[in-house]
Amino acid sequence: MNQTINIDRLSKLIETDTTLQLIDVRSAGEYDSGHVPRALNIPLEQVDSRIDDLGTGPVAILCQSGRRAGLACEMLQAHHPNVLVVEGGTQAWIQSGKPVTKAIGSRWSLERQVRLIAGVMILVGTVLAITANMAWIYLAMFAGAGLAFAGLTNICGMALLLAKLPWNQPTRTPNQEAKVRA
């Protein structure tokens with residue numbers, strides 16, 4: 001069973017223990033949209049390969065609500081003696097009114113954009129197949145096949161296309177714009 005820590009105890013521990021390491025296991029997009037100050041982003045799928053990034057002091061694991069943090073804690077317990085799951089995760093931290101660090105101009109993660117578009121394609125395809133023409137079921141099948149392929153190969157064609165769209169491009173500061181023109 002995972003050891004847990006509540007938001008109030010975590011807040012006090014952050015103030016008193018400089019060896020405490022906060023690890024946020026959410027995706028980069030989720031992390032950029034708001035995270036606990038001092039938290040290091042190590043997405044859940046990278047936890048196994050980044051064990052050496054952990055210090056020797058206590059480690060508090062965060063995610064959005066606690067489920068992914070529990071999974072990360074289970075992965076780390078064999079390698080690190082003092083791993084804690086933050087009860088309620090970042091969501092509880094925000095709800096308690098504690099400060100949050102956000103990336104400027106954060107946007108929806110590519111993963112979230114893919115889920116939205118694939119879900120809409122499946123919904124529209126099935127509704128139109130039922131109400132208009134059965135051939136629309138192929139739209140839903142195409143989206144489902146794309147999701148299955150992405151899950152099996154870790155290559156998502158829709159994410160590759162979405163990454164090229166203007167709102168998914170990095171924003172440049174005026175100094176960067178001047179360097180590009182020079």
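The values are calculated or read from the model by the stated rules, or taken from the named source; none is laboratory data. The structure presented is a predicted model; accordingly, all values stated were derived computationally and were not measured. Backbone-built Cβ (ideal geometry, glycine too); neighbour counts: all protein chains shown.
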Can you tell which of R107, R115, R38, R50 is under 30 Å from F142 (Cα atoms), modelled with pLDDT of 90 or more and charged (D, E, K, R)?
-> R115
Mind checking which residues of segment 19-35 are modelled with pLDDT under 90 and not aliphatic (A, V, I, L, M)?
-> S27, G29, E30, Y31, D32, S33, G34
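Conditions tested, residue by residue: (1) of a type outside the set (V, I, T); (2) in a strand (DSSP E or B); (3) crowded, with 17+ Cβ neighbours inside 10 Å.
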| site | (1), (2), (3) |
| --- | --- |
| S11 | yes, no, no |
| P37 | yes, no, no |
| I51 | no, no, no |
| A60 | yes, yes, yes |
| T90 | no, no, yes |
Residues of segment 118-158 being of a type in the set (A, V, I, L, M), at pLDDT 95 or above and either in the same structural domain as I14 (by TED's automatic domain parsing) or not in a helix (DSSP H, G or I) (or both), which ones?
-> A132
